[in-house]
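Asker: Could you have a look at this structure, given as structure tokens, before my questions?
The values are calculated or read from the model by the stated rules, or taken from the named source; none is laboratory data. Since we're looking at a predicted model, the values are computed, not measured. Because the Cβ atoms are built from the backbone with ideal geometry, glycine has one as well, and the counts that use them run over all protein chains shown.
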Amino acid sequence: MTDLSGSSAIVLVLWGTIVGLDLVSVPQAMLARPLVAGTVAGWLAGDVEAGLRVGVLFELFALDVLPVGAVRYPDYGPATVAATALASDSPWQFAVGVSAALGLVLAVLGGFSLSAVRRANARAIQRHSAALAAGESGAIRRLQYASLARDAGRAGGLTALGLACAWALAEPVAAMDRSTGLGLTLVALGCALSAAIGGAIRSAGRGPRLRWLGAGALVGLLAAALR
Amino acid sequence: MNGGWRAWLRLFAVQGTWNYERMLGVGMGYAAEPLLDDLKTVDPVRHTEAVVRSAEFFNCHPNLAGLALGATARAEYDGVPGAQIVRLRTALCSPLGALGDQLFWAGLVPLLVGAALVAVVLGARWWAVLGFLLLYNVARVATGVWSLRTGLDAGMSVGGAIAKSWISGAIERVGPAAGFAIGVAIPLVAAWYLEVIGWPGALGALAVAATGVAVTRWFGAALTAVRFALLALVLLVLFRWVLP
């Protein structure tokens, strides 16, 4: 892990907050996609390659998620930021696996924290139900701004927790033997591929999309062989 | 009716107060406020009723919420009975949710993610990320502007406007394209990681991937991909700990 300065850590927490807000609340501009979150976090931590490697890995996991309705799903944005910080400044072959483990735990925590924020929003609405029933626009605005602040706090807290864990893990990870590091990376990659393949097959259903998925896979295999 | 641009900007935060009771309701009320402002001077009682209705339960895809927002605001100005406006809101929830999910979450997003992953593997790196963000946000902003305008123009006949719109045709095209892009991306990404690791490691990773696909399909929701990954990583650490 890069020996992060205080200002770099603050910038990463800010980026994690923006990314966490982007997932659901505002602006949903796809900044929360792991590919974007990881690449920018890698740049901020001084190791774009690590950001890309971690970001692409979590992007494979994220392909398994269809964020519809009230379903609870992992929050990969802040998780990718913290995982990138842990992987930065180390050869990715040995660092990505441990970073993935940290990121996956954070992503699951992120999913629970999203549910907690949603429940807190519902309680706030209940407290303001009389004002809402009276048609007070000010109450709507206050609820909206408070909810955004709640989600920002959630995302910032999650990123800060992740960075603290990355900082605590940095030394043991550096001391870990390379074969274990490589093994963890291979297992993490295998799991990410299984998530992406499972998600792609599920999304494809049995219609023409499945045939296009198969055709794409053939083209991808051919291109990979020719590289 | 003024406030269209402010309402459109506020739609970017339509999920800001997402909750399990009113879902997008309060966010819709927040976005509706600028549109309903002029009603305050024309008919204050109607304005109060409209504000109450605007923040009631609502759920749909956020990028198509403008259709419902515009249509209900137009209906408020047209003096449509309140109960009819509530019915319109309720009726729009499912179709706008289903259309938006198919168009964006199951279509455009995986299509652009797949293309971006391929571009990263081929060396585009930052350009891949920037291209992904640019293309998605151009499509999303254009859809948002179209949604609000169409809703404001159509009012109570927004259902017909949606049926005649480009959305269904786009869904038919974007779904297969997304499948193709993801299909191309997965083998290329796997090779991008594994080419520097060597055959034994690559075969191990592919065996984990095959096992993961099989067991997560077998166990369904009880064993998600993330749970499988955490389990596999913990097992490897334990194995290395027992047999150093």
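Asker: Based on what the data block shows, is B:Leu11 more than 9 Å from chain A (Cβ to nearest Cβ) and either within 22 Å of B:Trp146 (Cα to Cα) or without any contact (Cβ under 8 Å) to a residue 40 or more places away in the chain (or both)?
Answerer: yes
Asker: Out of all the residues in the stretch B:211-226, which are part of a helix (DSSP H, G or I) and closer than 12 Å to A:Ser194 by Cα?
Answerer: Answer for the stretch B:211-226, where residues must be part of a helix (DSSP H, G or I) and closer than 12 Å to A:Ser194 by Cα: B:Thr211, B:Gly212, B:Val213, B:Ala214, B:Val215, B:Thr216, B:Arg217, B:Ala225, B:Val226.
Asker: Let me ask something additional. For the condition part of a helix (DSSP H, G or I) and either surrounded by 21 or more Cβ atoms within 10 Å (Cβ to Cβ) or not small (Gly, Ala, Ser) (or both), what is the one hit in A:Ala116, A:Ala83?
Answerer: A:Ala83
Asker: Another question, if that's okay. Could you tell me whether B:Ala115 is of a type in the set (A, V, I, L, M, F, W, C), part of a helix (DSSP H, G or I) and within 30 Å of A:Gly42 (Cα to Cα)?
Answerer: yes
Asker: Identify, from the list A:Ala175, A:Ala155, A:Ala170, A:Ala149, the residue that is more than 8 Å from chain B (Cβ to nearest Cβ), free of Cβ contacts under 8 Å to residues at least 12 places away in the same chain and under 22 Å from the mean Cα position of the chain (by Cα).
Answerer: Selected residue: A:Ala149, the only one of A:Ala175, A:Ala155, A:Ala170, A:Ala149 that is more than 8 Å from chain B (Cβ to nearest Cβ), free of Cβ contacts under 8 Å to residues at least 12 places away in the same chain and under 22 Å from the mean Cα position of the chain (by Cα).
Asker: Under 8 Å between Cβ atoms, which residue pairs at least 6 apart in sequence (or on different chains) link something in the stretch B:130-148 that is within 21 Å of B:Met28 (Cβ to Cβ) with a partner that is modelled with pLDDT under 95 and surrounded by fewer than 18 Cβ atoms within 10 Å (Cβ to Cβ)?
Answerer: Note: pairs meeting the criteria are B:Leu148/B:Gly4.
Asker: Here is a follow-up. Do we find that A:Gly110 is more than 7 Å from chain B (Cβ to nearest Cβ) and touching a Leu at 6+ places or on another chain (Cβ under 6 Å) in this structure?
Answerer: yes
Asker: Right, another one. Can you go through B:Gly175, B:Gly123 and tell me which one is outside any helix (DSSP H, G or I) and within 14 Å of chain A (Cβ to nearest Cβ)?
Answerer: The match here is B:Gly123.
Asker: Follow-up question, since we're still on this one. Which of the residues that make up the stretch B:191-201 are more than 15 Å from A:Val96 (Cα to Cα) and either in contact (Cβ under 8 Å) with a residue 12 or more places away in the chain or β-branched (Val, Ile, Thr) (or both)?
Answerer: Result: B:Ala191, single match.
Asker: Out of (1) surrounded by 15 or more Cβ atoms within 10 Å (Cβ to Cβ); (2) at pLDDT below 95, the odd one out for B:Val174 is which?
Answerer: Condition (2) is where B:Val174 drops out.
Asker: Hey, another quick one. When you check A:Ile140 against the structure, is it of a type in the set (A, V, I, L, M, F, W, C), part of a helix (DSSP H, G or I), within 9 Å of chain B (Cβ to nearest Cβ) and over 27 Å from the mean Cα position of the chain (by Cα), yes or no?
Answerer: yes
Asker: For the stretch B:227-244, how many residues meet the condition of being assigned to a loop (DSSP other than H, G, I, E, B) and within 9 Å of chain A (Cβ to nearest Cβ)?
Answerer: Adding up the residues that qualify gives 1.
Asker: Restricting to the stretch B:178-205, name every residue that is at the interface with chain A (Cβ under 7 Å from one of its Cβ atoms), surrounded by fewer than 24 Cβ atoms within 10 Å (Cβ to Cβ), of a type outside the set (Gly, Ala, Ser) and in a helix (DSSP H, G or I).
Answerer: If the condition is that a residue be at the interface with chain A (Cβ under 7 Å from one of its Cβ atoms), surrounded by fewer than 24 Cβ atoms within 10 Å (Cβ to Cβ), of a type outside the set (Gly, Ala, Ser) and in a helix (DSSP H, G or I), then B:Phe180, B:Pro187, B:Leu188 are the ones that fit.
Asker: Quick one: how many residues across the stretch A:87-97 are part of a helix (DSSP H, G or I) and under 13 Å from A:Trp167 (Cα atoms)?
Answerer: Of the residues in that region, 1 qualify.
Asker: For the subset of the stretch A:113-137 comprising residues that are aliphatic (A, V, I, L, M) and touching a residue at least 12 places away in the same chain (Cβ under 8 Å), which member is farthest from the other protein chains (Cβ to nearest Cβ)?
Answerer: The qualifying residue farthest from the other protein chains (Cβ to nearest Cβ) is A:Ala116.
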